[in-house]
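All remarks here apply to the structure that follows.
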Amino acid sequence: MYDQDRAVIERILGGDKKAYAELVERHKDKAMTLALKMLKSRENAEEALQDAFVRVFNALPRFEWKSSFSTWFYRIVYNVCASELAKQHEPHQVSIQEDNGDEQTVELVSEDPPPDVSLESSELNAIILQEIDRLPDAYGPTFALFFVQDMSYDEIVEVTGLPLGTVKARLFRARMMLRNAVVKRIGTIDGSKREKVVPLPTRDSLTDNKHTARRNGTLPY
């Protein structure tokens, strides 16, 4: 991705203006996912993306490759959306306790036993992806950067400007909320009163679900 982006950008800076459409095509779907997570409106998300792409095009000559293009680009998208939220008087923030969380105590590796579920894999995939889309505003964008954009913690810090401990805390809480929501949905579907054991989702397991959903045509972005 890095080398491909660089090749396209070099063509743009060399005067091939049509190459910018290729760059937009490469990133627009994931950028739309992030914008939708933040703005909750397709119309507002589309307007924000148009603004972001214009800003990126104008700033390309000054891009110094100190980070990957995707990290730089998603920071612009994030900032445009955050500015729009500020205009709507909906600052993108969470509790003080979370922002002061100790990054050393946030452990994202699950030691839960294997899931005790009887649903078909495709049905479980659909439930997981639906619940990801319902994550609260404070957690959805961070989770989207981690899951959809496959960013590292450090890249998410660079995009959002959040402290590393806050990024880890949000991802941990998002996974906890996702697990609890999936457990509740499974119990509703099969009518069972017994407690379901579902492990905290990991990026590997979520990526498997994402690829399966794409093949089945059920991915919502």
How about segment 139-162: which of its residues are closer than 21 Å to Met177 by Cα and among the acidic types (Asp, Glu)? Asp150
Which number in (1) modelled with pLDDT of 90 or more; (2) more than 23 Å from the chain's Cα centre (by Cα) marks the one condition that Asp116 misses? (1)
So which of Ala7, Ala59, Ala21, Ala35 is in a helix (DSSP H, G or I), outside the structural domain of Thr142 (by TED's automatic domain parsing) and in contact (Cβ under 8 Å) with a residue 24 or more places away in the chain? Ala35
In this structure, is Tyr2 at pLDDT 90 or above, farther than 21 Å from Gln130 by Cα and either touching a strand residue (DSSP E or B) at 6+ places or on another chain (Cβ under 9 Å) or among the hydroxyl-bearing types (Ser, Thr, Tyr) (or both)? no
What's the number of the only condition in (1) buried (at least 17 other Cβ atoms within 10 Å of the Cβ); (2) closer than 23 Å to Phe147 by Cβ; (3) not hydroxyl-bearing (Ser, Thr, Tyr) that Glu46 fails to meet? (1)
Residue under question is Phe57, and the condition is that it be under 24 Å from Glu47 (Cα atoms), at pLDDT 65 or above and among the aromatic types (Phe, Trp, Tyr); does it hold? yes
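Every residue, every condition in (1) crowded, with 21+ Cβ neighbours inside 10 Å; (2) over 28 Å from Gln88 (Cα atoms); (3) out of contact with any Cys (no Cβ under 9 Å at 6 or more places or on another chain); (4) modelled with pLDDT of 85 or more, yes or no:
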| residue | (1), (2), (3), (4) |
| --- | --- |
| Asp137 | no, no, yes, no |
| Glu155 | no, no, yes, yes |
| Glu158 | no, no, yes, yes |
| Pro163 | no, no, yes, yes |
| Leu171 | yes, no, yes, yes |
| Leu178 | yes, no, yes, yes |
| Ala181 | no, yes, yes, yes |
| Ile186 | no, yes, yes, no |
| Ser192 | no, yes, yes, no |
In this structure, is Trp65 surrounded by 15 or more Cβ atoms within 10 Å (Cβ to Cβ) and within 20 Å of Asp154 (Cα to Cα)? no
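The values are calculated or read from the model by the stated rules, or taken from the named source; none is laboratory data. Here the structure is a predicted model, which is why all the values come from computation and not from measurement. Glycine gets a Cβ as well: all are built from the backbone with ideal geometry, and neighbour counts include every protein chain shown.
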